[in-house]
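J.: Take a look at this one; I'll ask things after.
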């Protein structure tokens, strides 16, 4: 299993948009993305720092993206 990269919220948002997720709405510093094709929703906290590994893993789990698939878009 490949090592998880360190990502900022902005970088992760760009990857999600390339994969078909669209910004549904924004609440404070949290961006809520939705993929109408797969009916999946995820929240990306945008606090200006690198995202913790647990948060990245949670977002990958919610979106159904594998680590290998994430590496392709880096």
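The values are calculated or read from the model by the stated rules, or taken from the named source; none is laboratory data. Every value quoted in this text rests on a predicted model; they were computed, and no experiment measured them. Glycine also receives a Cβ, built like all others from the backbone with ideal geometry; neighbour counts cover every protein chain displayed.
J.: Can you tell me which residues in the stretch 22-46 are in a loop (DSSP other than H, G, I, E, B) and in contact with a helix residue (DSSP H, G or I) (Cβ under 7 Å, 6 or more places away or on another chain)?
T.: The one that is in a loop (DSSP other than H, G, I, E, B) and in contact with a helix residue (DSSP H, G or I) (Cβ under 7 Å, 6 or more places away or on another chain): 46.
J.: Quick one: count up the residues across the stretch 1-19 that are exposed (fewer than 15 other Cβ atoms within 10 Å of the Cβ) and touching a strand residue (DSSP E or B) at 6+ places or on another chain (Cβ under 7 Å).
T.: Within the stretch 1-19, residues that are exposed (fewer than 15 other Cβ atoms within 10 Å of the Cβ) and touching a strand residue (DSSP E or B) at 6+ places or on another chain (Cβ under 7 Å) number 2.
J.: In the stretch 46-73, what count of residues is obtained for those that are modelled with pLDDT of 90 or more and surrounded by fewer than 16 Cβ atoms within 10 Å (Cβ to Cβ)?
T.: Here the count works out to 18.
J.: Right, something else. Starting from the stretch 1-28, keep only residues that are in contact (Cβ under 8 Å) with a residue 24 or more places away in the chain and at negative phi, then list their pairs with residues that are surrounded by fewer than 10 Cβ atoms within 10 Å (Cβ to Cβ) and assigned to a helix (DSSP H, G or I) whose Cβ atoms are within a distance under 8 Å, requiring at least 6 positions of separation or different chains.
T.: So the pair list comes out as 2/68.
J.: Residue 65 - would you say it is under 11 Å from the mean Cα position of the chain (by Cα) and outside any loop (DSSP other than H, G, I, E, B)?
T.: In short, no.
J.: Another one. Looking only at the stretch 1-21, count how many residues are assigned to a helix (DSSP H, G or I) and within 20 Å of residue 53 (Cβ to Cβ).
T.: Of the residues in that region, 8 qualify.
J.: Under 8 Å between Cβ atoms, which residue pairs at least 6 apart in sequence (or on different chains) link something in the stretch 43-68 that is over 23 Å from residue 25 (Cβ atoms) with a partner that is in a helix (DSSP H, G or I)?
T.: Final answer for the pair search is 66/60; 67/60.
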